Amino acid sequence: MPDDADENIRVLSRFRPLTAREKAHEGSTPAVQFGADGRSVTVGADGARFAVDAVLAPDTTQEQVYSQVSSLVDAVLQGYNGTLLAYGQTG
């Protein structure tokens with residue numbers, strides 16, 4: 001069993017960089033604000049706050065993303081079930 005086998009579900013949220021159109025509104029309050037703890041994000045004008053296992057900000061590199069999901073990849077290669085769901089825009 002992998003080291004984190006006792007974890008049934010892990011939720012990571014990765015956020016894409018802002019588009020040029022979004023950057024044009026930089027003076028306004030950002031739609032997404034990242035918590036200093038690296039595990040929370042505040043979304044929208046109403047300030048809905050979400051806590052997850054990890055927040056990957058727009059400046060996160062592919063290597064950093066892989067380091068977060070590599071244990072899942074290793075577990076799948078060892079024969080365990082695993083799912084990595086990617087949803088949203090891609091670049």
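The values are calculated or read from the model by the stated rules, or taken from the named source; none is laboratory data. Quantities reported herein were computed from a predicted structural model and do not represent experimental measurements. What goes into the accessible areas is simple: the full protein's heavy atoms, side chains included, and nothing from ligands, DNA or RNA. Shrake-Rupley method; radii C 1.70, N 1.55, O 1.52, S 1.80 Å.
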- Note on the structure: Karplus-derived 3J(HN,Hα) from phi for region 35-51 (6.51 cos²θ - 1.76 cosθ + 1.60, θ = phi - 60°), whole Hz, x at Gly and Pro, runs x, 5, 6, x, 10, 9, 9, 10, 10, x, 5, 7, x, 4, 10, 10, 10
- Accessible area per residue, Å², the chain with all protein chains present, probe 1.4 Å: 81
- Item | Rg to Rh quotient for the chain, alpha carbon positions, Kirkwood Rh | 1.03
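When DSSP beta bridges are limited to those with both residues in the chain, what percentage is antiparallel, rounded to the nearest 5? If you can, show how the numbers build up before the last one.
Working: 7 of 10 bridges.
In the chain, approximately 70 percent of DSSP beta bridges are antiparallel ones.
Suppose a student asked you for the relative contact order of the chain, using Cα pairs under 8 Å spaced at least 6 residues apart; what percent would you report?
Numbers: 80 pairs, mean separation 25.8, N = 91.
Reported relative contact order: 28 percent.
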- Share of alpha-carbon pairs per 5 Å distance bin for region 38-91, given as whole %: 4, 14, 19, 24, 18, 12, 5, 2, 1
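Run the helix sum for the chain: -39,500 (n - 2.57) per DSSP H stretch of 4+ residues, divided by residue count, reported at 222 nm to the nearest 500 deg cm²/dmol. Walk me through the intermediate numbers first.
On the way: 2 runs with 20 residues, N = 91.
Estimated from H runs of four or more residues: -6500 deg cm²/dmol.
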- Query: If you plug each phi of region 65-76 into the Karplus form 6.51 cos²θ - 1.76 cosθ + 1.60 with θ = phi - 60°, what whole-Hz ³J(HN,Hα) values come out, in order, with x for Gly and Pro?
  - Reply: 4, 4, 4, 6, 9, 4, 5, 5, 4, 4, 5, 4
